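The structure under discussion appears below in the form of structure tokens.
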Amino acid sequence: MKDKYGIVHTLRIHIFYMEQTLIVFKPDAIARGLMGEIITRFERVGLKIVAARMVEVSRELADKHYPISRREFIEGMGGKTIENYEKLGIDVMADFGTTDTFEIGSKIREWLVGLITSGPVFAAVLEGPHAVELVRKIVGHTLPLLSAPGTIRGDYSYDSSYLANTGRRPIKNLLHASGNVEEAKYEIPLWFKPEEIYTYERVEEKVMR
Ligand code: UDP
Ligand code: MG
């Protein structure tokens with residue numbers, strides 16, 4: 001179809017901008033009865049739920065979802081912890097027995113795997129233009145204490161590195177959301193088979209075409 005400038009618009013352009021992303025409501029969100037409230041936030045912005053189910057996560061799935069081989073992810077978690085301890089004036093060495101970001105990150109990853117395998121979770125695939133970025137914006141910062149009001153983590157949790165680390169547990173920030181398009185492409189097939197991901201139309205696609 002040609003617009004008034006003579007530019008040809010085809011459906012291909014639209015499909016090109018479609019992304020899919022994975023969300024997983026962690027056991028803290030399930031235990032607090034927040035599934036409905038959280039999913040509503042994604043629905044109302046125009047994101048399409050194309051796959052969804054509750055899952056009892058095996059150790060194998062948890063290990064794949066949070067791979068120990070993703071060094072930058074493990075070191076990132078360790079780095080965030082050290083930064084937070086320095087800010088609070090707490091001795092990292094005294095608490096963790098090391099100042100190595102990978103070792104600290106590995107410890108946190110173990111806690112995280114423990115959390116995600118501790119009870120049923122709710123996993124879903126959301127689809128829409130810029131879905132990955134949009135979902136991260138709605139979810140908010142990793143640390144609920146630093147997450148802006150209006151975001152899911154900012155509105156429903158006050159958890160911090162300090163509370164989590166001194167409690168020897170991961171940060172309870174309600175849900176996982178793929179961090180970028182590459183991560184989403186890796187994660188979605190871990191949780192859903194291609195035939196479990198559905199196709200349908202939402203009216204926003206017509207309105208914001
Ligand atoms: N996490 C933690 N302590 C940290 C950093 C992360 O317990 O210092 C947990 C937290 O639950 C987070 C998850 O590890 O959601 C994955 O970390 P990531 O850096 O990928 O944060 P996210 O992408 O979830 O915002
Ligand atoms: Mg992440």
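Bear in mind these aren't lab numbers, they're just calculated from the coordinates by the rules spelled out. If you're wondering where the values come from, they're calculated on a predicted model, not measured in any experiment. Virtual Cβ from ideal backbone geometry, glycine too; neighbours counted across all protein chains shown.
Net length available on complete extension from MET93 to MET35 is 17.1 nm, with 0.36 nm assigned per residue and the Cα-Cα distance removed.
Above 27 Å, the calculated P(r) of the chain contains 36 percent of its Cα-Cα pairs.
Considering only the other residues whose Cβ falls under 9 Å of the Cβ of LEU163, what net charge follows from Lys and Arg at +1 and Asp and Glu at -1? Charge balance in the 9 Å sphere: +1. Extending 7 Å from Cα along the Cβ direction at TYR198 and again at ILE7 yields two label points whose distance is 3.4 nm. Each other residue within a Cβ distance under 10 Å of LEU126 adds +1 if Lys or Arg and -1 if Asp or Glu, for a net charge of -2. A dipole drawn for region 144-184 from +1 and -1 charges on Cβ atoms has a positive end, and of ALA184, ASN173, LEU163 the residue lying farthest that way is LEU163. Per the Debye formula on identical point scatterers at the alpha carbon atoms of region 52-148, with no solvent, log10 I(q)/I(0) at q = 0.17, 0.22, 0.25 Å⁻¹ is -0.97, -1.24, -1.28.
Label positions at PHE102 and LYS185, each projected 7 Å from the Cα along the C-beta direction, are separated by 2.7 nm. Taking a straight Cα-Cα cut-off under 19 Å and skipping sequence neighbours fewer than 8 places away in the same chain, the lysines within cross-link reach of LYS137 are LYS26, LYS48, LYS172, LYS185. For a straight C-alpha distance cut-off of 19 angstrom, the lysines reachable from LYS4 (same-chain residues fewer than eight places away being disregarded) are LYS206. Between ILE49 and ARG71, the distance separating the two model label sites (each 7 Å from Cα on the Cα→Cβ line) works out to 4.0 nm. Consider a paramagnetic label point 7 Å from the Cα of GLU86 along Cα→Cβ; state which residues of region 154-170 have an amide N under 17 Å from it. So the set is 161-162.
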